[in-house]
Structure formats: C-alpha cells, structure tokens
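Reading through the structure tokens given below for one structure.
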Amino acid sequence: MDDYVRNIAIESWTLYAIGVVLIACRITSRSMKLGSFRNLQVEDWLMLIAGATFTGFTVTVNEVAKSGSNYLAPEVTAALTPDGVATAIYGSKMVLVMEMCTLTTVWLVKACLLFLYYRLTKEAFEKQKLAVKIIAAFCLIGYVLVVVLCLTYWCQPIDQYWAVPVVNSECATYYNHMKFATSFNVSSDLLLLLIPLPIIIRTRLPVKRKMILCLVLGLGIFNIIAAVLNRYYNFSNPNDIGYTYWYVGEVAISIFVGNIPLCWPLIRRVFHADTWSDTKDLKIPGVGKTPPATRKPPRKGLYSSLWLTTIRQTEWDKMDDADDQRGRKHYDVETATEIRMPSQGSEIELTPAWQHRANTTAVNDVAIGVGTGADTGSITDEADGDGHGVMVVKTVRVSRG
C-alpha cells in the first residue's frame, strides 16, 4: 500500500506541475497576444477555473490513495476497526469530491476548446461553426445530466456514498454512473476531434505546421484512451482502487490538450522564433502601420503585369499571430512571384489573416516615356470610413535619353 501511495503521489503531482506550467504559459501567451491580462477572453478564465478544480482533483486523489474508501470486499469491511471505518468514510467522501473535480475539469477543458473552435470558424467555415454550437449544447446537456444523476439518482440517499458498510453496491462502485459519464465523455471528445482536423488539412499551411497542429489537437485521442482504460481497470478489478492511476492520466491529459495549442506566442518570444511556418513577411512601403486592406473584390481585366503576392490564410492560419501592446498585428504571408508581359498596371491581391477572402490593392499608371529626366514615384495610403481599409497607389514614371 505504501508503494501505491508513493506512486500515486509522484504521478499526480508531477503531472499537476506540468499542467500548472502549461496553464501559466497559456495565460502569459494570451496576455501577450491580446495586449493585457485584462483582455483575456472567456475561455482563458474558464481554464483558470479548470486549474482550480485540477488542484482539487490532485489533492483528493492522494487522499483517496492514503485513506481508501468503502469500495471493499465484504469480509474486509467486516474486519475494520472503528478507526478503519472512520478512515474508509473519509476516503469515500474524498472519492465523491474527486469525481466531481474530475467531471468539472474535463468538461471545462471541453468548453475552452469549443470557444477556441468557435472563434476560429466564425468567419469562413459556416458548417463547422454550426457544428461547434451543436457540440457545445451536447456537452452542456451531458455535463448537467451526469452530475445531477450522480448526486440525486444513482445512489440514494446521498450519504450512502460514504456509508461503511455500504448497502447499495452502486454507492461504492459508481458502476452505472461510470458507464453513463463515459458515454458522454468519449462521444463528445470524438466530436471535438472532428472539428479541427479536417479544416487544418484543407488550409494552405506548410505540411510541417499541419502535422504539428494535427498532433497537438489530436492529443484528444490519448484522452479518450485514458478514459476508456480508467473504466476498464475500474470494472475488471473489483474492490481495487488501482484505477486511480488512469484517473490521474485522464484529467492531466485533458489539461495538456486544452493549453498546448495556445502557448506558441510565449514560445516564440522565449526562443526568438519569428514563425513556425515557411512563410515570410511582406513589407510594402507605406503600409506597415496602417490597418488591413479594404474588403473589395479583385479587379479583373485591367491588370496583367506583375502578380506580387497573395495572402491566403484563415483564422486557423493565424493562431500564432502576435499582437503588440497597441493592438497592431504582425502578419505572415506567402510570397510568390510571376513575371508577365507589361500591360496597363499590376495587381497585389491581399487576403487578411482573419478573412479567407480576396481583397485588392492596385498599382496603377506605369508609363515609359522617351526623353530625358529622372525616375519619379509616389505612394499614397487611404483608409476607408471605418478605419479598416487601406488603398496603396504607386505611380512610377521612367524617362530615358
């Protein structure tokens, strides 16, 4: 028993420390990205609450390991001393608290991921946005049902959860509750996996970055495996609390999955990594400190000279965009060059990172004259009425003798 208590303590507190570090990295990264700690969004505050319930889980799982519970064989229960009974009662109460902390932590992480996915799909992926809403409703209903049934239906009266000896075996094994909770937990995790992976595959991210994102978000598979193994060892080894190893793994992995994707801005700052993709920054004179390009459709027919660059990113491509303290954004773009025969002008097609749409900035009036003189040029910037657009017009005249 001493080895079991020591092993649980090492596993749980080690994973807890890693989880807390990841939560801290996430909050720091989000504060950097959003400009201030006060600008944190709903999912960030939910993750802080999940950190508190994760703490409660880690404390209670160690108390259960030390005190045991009423999950005992009848002959063992009959042989308990008064002190042993008191210890088993205390441990049984900790089991119930541990279960509530487990459910709340796991479902809060689901909520954080759903908020993230909703923000990433709200502009360009209508079907996925609807799917996020449906899955969110499913998760909310599932959590409420699981908790309410656990506290009011499966074991009645509720003090039977810590009765020694126990009259209703369900109050010691949590058998029906486990089956019901696992069905909602695993099914919702599978649904959450169906949202990001297909979209990531469809984006124009470099293959290496796609693989990294799929791997990180695909960690949810390990969460499902841990949940299934938790129940397997719980049901296949009656009167044995060794299943708590998998409880620890399930909760810790859910914390890891919910935070790792949001830690990139801090990692980039610490390791001086400008980008984790193969794209390069496009610098256009006079545009660096202006708002993004106006949302106008591409102009056709007039321009065939030089196609400079196209930004084709969605919200999924800008998970690591950095915001400075003033809220300005640094954009990564794909650069391509195609030389064509000169015509009446040239076109730069710009699609902001948060919009998967084409916008156009035109470079006009390219003329070559015969005579003497110097090259001339002008650049003008113009923002639209709501401050969200920019027009860059560049005039170049070349004269020669």
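Reported count of residues in region 117-127, each being out of contact with any Lys or Arg (no Cβ under 7 Å at 6 or more places or on another chain) and surrounded by fewer than 21 Cβ atoms within 10 Å (Cβ to Cβ), is 5. Taken over region 224-237, the criterion of being within 15 Å of Ser183 (Cβ to Cβ) and either free of Cβ contacts under 8 Å to residues at least 24 places away in the same chain or in contact with an Asp or Glu (Cβ under 7 Å, 6 or more places away or on another chain) (or both) is satisfied by Ile224, Ala227, Asn230, Tyr232. When restricted to residues that are in a helix (DSSP H, G or I) and more than 19 Å from Gly258 (Cα to Cα), region 106-127 contains 2.
Number of residues in region 198-233 that are charged (D, E, K, R) and surrounded by fewer than 19 Cβ atoms within 10 Å (Cβ to Cβ): the value is 4.
Candidates in region 154-197 are the residues that are hydroxyl-bearing (Ser, Thr, Tyr) and exposed (fewer than 14 other Cβ atoms within 10 Å of the Cβ); of these, the one that is modelled with the highest pLDDT is Ser183. Kindly provide the set of residues from region 75-86 that are touching a residue at least 24 places away in the same chain (Cβ under 8 Å) and among the small types (Gly, Ala, Ser), ordered by number. Hit for region 75-86 is Ala78, nothing else. Annotation note: Cβ proximity below 8 Å between a residue of region 61-74 that is touching a residue at least 12 places away in the same chain (Cβ under 8 Å) and a residue that is assigned to a loop (DSSP other than H, G, I, E, B) and of a type in the set (Gly, Ala, Ser) (sequence gap 6+ or interchain) occurs for Asn70/Ala163.
The values are calculated or read from the model by the stated rules, or taken from the named source; none is laboratory data. The structure presented is a predicted model; accordingly, all values stated were derived computationally and were not measured. Note that we place each Cβ from the backbone using ideal geometry, even for glycine, and neighbour counts take in every protein chain shown.
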